[in-house]
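The values are calculated or read from the model by the stated rules, or taken from the named source; none is laboratory data. Model, not experiment: these values are computed from the prediction. Backbone-built Cβ (ideal geometry, glycine too); neighbour counts: all protein chains shown.
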Amino acid sequence: MKEYTYTEKKDTRSGFGAGLLELGRTNPNVVALCADLTGSLKMDAFQKEFPERFYQVGIAEANMMGLAAGMTIGGKIPFTGTFANFSTGRVYDQIRQSIAYSGKNVKICASHAGLTLGEDGATHQILEDVGMMKMLPHMTVINPCDFNQTKAATIAIAEFEGPVYLRFGRPTVPNFTPADQKFEIGKAVMLNEGTDVTILATGHLVWKAIEAGHALAEKGIDAEIINIHTIKPLDNEAILNSVRKTKCVVTAEEHQLNGGLGDAVAQLLGRNLPTPLEMVGVNDSFGESGTPDQLMEKYGLNVESIVAAAERAISRK
């Protein structure tokens, strides 16, 4: 099992803030809109340096999406920022009608996604957002795993023409991917080559998958671990090539099992390569208040659950 190390833990929302600031300095068409959460989204550095390109719309998320859609007509590249719940559930109609339908070049940037929002509780812990966004025609869905990859993804989507949903979070997580990485939309990242089981992880579960790989290695199980940072479009080739070799697969995500990465992989395998599949995620449930670590443990988004899922998948070959 390949060794990965990190020198610090950092929150992925700060990766977004760093990427947005860099874009402000290199791309004059980039503008930013925020729904009264500038500090929480780490957009304050962009606001301070480029006040003429920053729009504070207040607690009016639907209006923010309409403004962003209109700005694209004039050649601007708008990045909207608010919590994932307000970036999707509250404004689904505006995204569908004003952005996705006509393929507007809006970058919907969503922080505080999933259970790791923690103490704010179930009303804010959206676990359906990936499903909502990936079902929209023309929408690209990206869920990076650490600070460096979130920064790289933020920079990359500015060069991509079309609507994007970029999902990230509040907690600090190991920052282990290269600082100078080139982010390729739709291209999965091989983290460890193996022969016994494929583990496909996204977002905060990527580091958990790496830890699970070490635990499995101690049991004599050789896991292939792949970082699926882009959920739509899915890297079908990378997944199918891996599964042809290992003949079983586990998905791991901080999202509902319904509509998330696991669903997308199940569709791919069902159409092309029926294979034993186990999924780690939230099983048809809302969250609750608690620390991020407590919630990840309670809902089974942990190393132990990935290891157990891998062993079940192997037993079904």
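I'd like to know if the range 94-104 contains one or more residues that are assigned by TED's automatic domain parsing to the domain that holds Leu21, within 22 Å of Phe46 (Cβ to Cβ) and surrounded by fewer than 23 Cβ atoms within 10 Å (Cβ to Cβ). So far as the range 94-104 goes, yes, one or more of its residues are assigned by TED's automatic domain parsing to the domain that holds Leu21, within 22 Å of Phe46 (Cβ to Cβ) and surrounded by fewer than 23 Cβ atoms within 10 Å (Cβ to Cβ). Within the range 5-28, residues that are over 15 Å from Phe79 (Cα atoms) have Cβ atoms under 6 Å from residues that are surrounded by 15 or more Cβ atoms within 10 Å (Cβ to Cβ) and small (Gly, Ala, Ser) in these pairs: Thr12/Gly169, counting only partners at least 6 apart in sequence or on another chain. Residue pairs whose Cβ atoms lie under 9 Å apart, sitting 6 or more positions apart in sequence or on different chains, and linking a residue in the range 264-293 that is outside the structural domain of Val206 (by TED's automatic domain parsing) and buried (at least 22 other Cβ atoms within 10 Å of the Cβ) to a partner that is modelled with pLDDT under 95 and assigned to a helix (DSSP H, G or I), do not occur here. If you scan the range 211-239, which residues turn out to be aliphatic (A, V, I, L, M) and more than 22 Å from Ala308 (Cα to Cα)? Once the filter is applied, which keeps residues that are aliphatic (A, V, I, L, M) and more than 22 Å from Ala308 (Cα to Cα), the range 211-239 yields Ile231, Leu234, Ala238.
Restricting attention to the range 218-245, and to residues there that are of a type in the set (S, T, N, Q) and within 28 Å of Glu297 (Cα to Cα), which single residue is farthest from the chain's Cα centre (by Cα)? Before the answer, list the steps.
Residues of the range 218-245 that are of a type in the set (S, T, N, Q), as a first pass: 227, 230, 236, 241-242.
Now drop any that are not within 28 Å of Glu297 (Cα to Cα), which leaves 227, 230.
On the way: Asn227: 10, Thr230: 7 Å.
Checking each candidate, the answer is Asn227.
Of all the listed residues (Glu161, Glu128, Glu119), the sole one being under 15 Å from the mean Cα position of the chain (by Cα), in contact (Cβ under 8 Å) with a residue 40 or more places away in the chain and surrounded by fewer than 20 Cβ atoms within 10 Å (Cβ to Cβ) is Glu128. For the range 49-77, give me each residue that is in contact with a Leu (Cβ under 9 Å, 6 or more places away or on another chain) and farther than 26 Å from Gln125 by Cβ. Residues satisfying the conditions are Glu49, Phe50, Phe54, Tyr55, Leu67, Met71, Ile77. The set of residues in the range 74-105 that are β-branched (Val, Ile, Thr) and in a loop (DSSP other than H, G, I, E, B) contains only Val91. Any residue that is assigned to a loop (DSSP other than H, G, I, E, B), surrounded by 15 or more Cβ atoms within 10 Å (Cβ to Cβ) and not hydrophobic (A, V, I, L, M, F, W, C) - is there at least one of those in the range 39-53? So far as the range 39-53 goes, yes, one or more of its residues are assigned to a loop (DSSP other than H, G, I, E, B), surrounded by 15 or more Cβ atoms within 10 Å (Cβ to Cβ) and not hydrophobic (A, V, I, L, M, F, W, C).
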